[in-house]
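The values are calculated or read from the model by the stated rules, or taken from the named source; none is laboratory data. Fair warning: this is a prediction, and the values are worked out from it, not measured in the lab. Note that we place each Cβ from the backbone using ideal geometry, even for glycine, and neighbour counts take in every protein chain shown. We work out accessible area using only protein heavy atoms, side chains counted, and drop any ligands, DNA or RNA first. Shrake-Rupley method; radii C 1.70, N 1.55, O 1.52, S 1.80 Å.
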Amino acid sequence: MSLGGNFRNGVDFDLDGKAETEYFQALNDSASIESDIQSKFTLPSTGGLGVLYKLNNQWSLNADISFSLWKNAGSDIHFDYSDSEWEAGMNGGVADSVTGFSWTTIPFYSKNSFALACGVEYKMDNNMKIRLGYRFQSNPNDENSLGFLFPTVSQHIFSTGMSLILADEYYVDLGLAYALGLKVSADENAGSSFPGEYSSATIISSMTIRYTF
């Protein structure tokens, strides 16, 4: 049996750059079309635990759990502008009438999330390995943070794969996963800027070729 774990503390980012729009100049000819922009955001603390149990030379089982503490990382990304007219317009402007989206902040993931996973691997006599796995990934979005930029929903992820040693130096691994998102409804009356139903369906394929010197 093998046990493993990891933990990463939250990471703070300071961003700066330039933004450009003709919106303010359309309202006022003297307004600038460019402004310096600054922002801060935090990636959450993450961690996990896992176990691998080898039943015999052919069968292996594994399971793991991981988490992301988004709730402690802040629920939006705020922007500051060097141009006073931009800053006044962004902070005092009315949210977009179509989307309800604010110019000064972007709603960000706001719920703690976790993932549970398990898998099995079978090793054949010719050294080929076949794997099957399942993973549940919970949704870090609440109704206020669901949107075009962050449409993440909880997912059931089913995967399969195979590994083959072609020679002493060559190793090939193929994988295929299907992620089925759980449908979530964001209600406009509850304060969501992007009301509606969110779901997803994703196919993920992978191939790894390794050459050992």
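For region 1-85, averaging the sequence separation of C-alpha pairs within contact (under 8 Å, six or more residues apart) and dividing by the residue count gives a relative contact order of 34 percent.
For the pair Leu27 and Ser199, label points projected 7 Å from Cα toward Cβ lie 4.0 nm apart.
The mean sequence separation of alpha-carbon pairs under 8 Å and at least six residues apart, normalised by the residue count of the chain, gives a relative contact order of 14 percent.
Net charge of the neighbourhood of Asp142, taken over other residues with C-beta under 13 Å away and scored Lys/Arg +1, Asp/Glu -1, is -1.
Among the GluC sites (Glu not before Pro) in region 19-48, those placed in a DSSP loop whose Cβ has at most 12 other Cβ atoms within 10 Å are Glu22. Ranking Val51, Val172, Val153 by solvent-accessible area of protein heavy atoms (1.4 Å probe, all protein chains present), from largest to smallest, gives Val51, Val172, Val153. Start at zero, step by 5 Å, and the Cα-Cα distances of the chain spread as 1, 6, 10, 12, 13, 13, 11, 9, 8, 6, 5, 3, 2, 1, 0, 0 percent across the bins.
For the chain, the carbon plus sulfur part of the accessible surface works out to 56%, probe radius 1.4 Å. With a cut-off of 11 Å between beta carbons, the residues surrounding Met90 carry a summed charge of -4, where Lys and Arg count +1 and Asp and Glu -1. From its DSSP helices (H runs of at least four residues, each -39,500 (n - 2.57)), the chain gives a residue-normalised ellipticity at 222 nm of -1500 deg cm²/dmol. Solvent exposure of region 18-60 amounts to 68 Å² per residue of accessible area, where only protein heavy atoms count and the probe is 1.4 Å.
Distance between the 7 Å Cα→Cβ label points at Phe150 and Lys123: 4.3 nm.
What is the sum of charges around Arg210, taking Lys and Arg as +1, Asp and Glu as -1, for the other residues whose C-beta is under 15 Å from the C-beta of Arg210? Spelling it out: positives minus negatives among the neighbours equals -2. For the chain, modelled as a Gaussian network with Cα springs under 10 Å, which listed residue fluctuates most, Ala201, Ala31, Ala167? In this elastic network of the chain, the residue with the biggest mean-square fluctuation among Ala201, Ala31, Ala167 is Ala167.
The mean accessible area for residues of region 122-213, using a 1.4 Å probe and ignoring ligands and nucleic acids, is 64 Å² per residue.
One decimal place: the segment Leu132-Leu52 gains 27.4 nm when fully extended, by the rule 0.36 nm per residue minus the C-alpha distance. Available extension along the chain between Leu116 and Ser39 is 24.4 nm, counting 0.36 nm per residue and deducting the alpha carbon span.
For the chain, modelled as a GNM whose springs connect Cα atoms under 10 angstrom apart, the maximal fluctuation among Pro195, Pro107, Pro140 occurs at Pro195.
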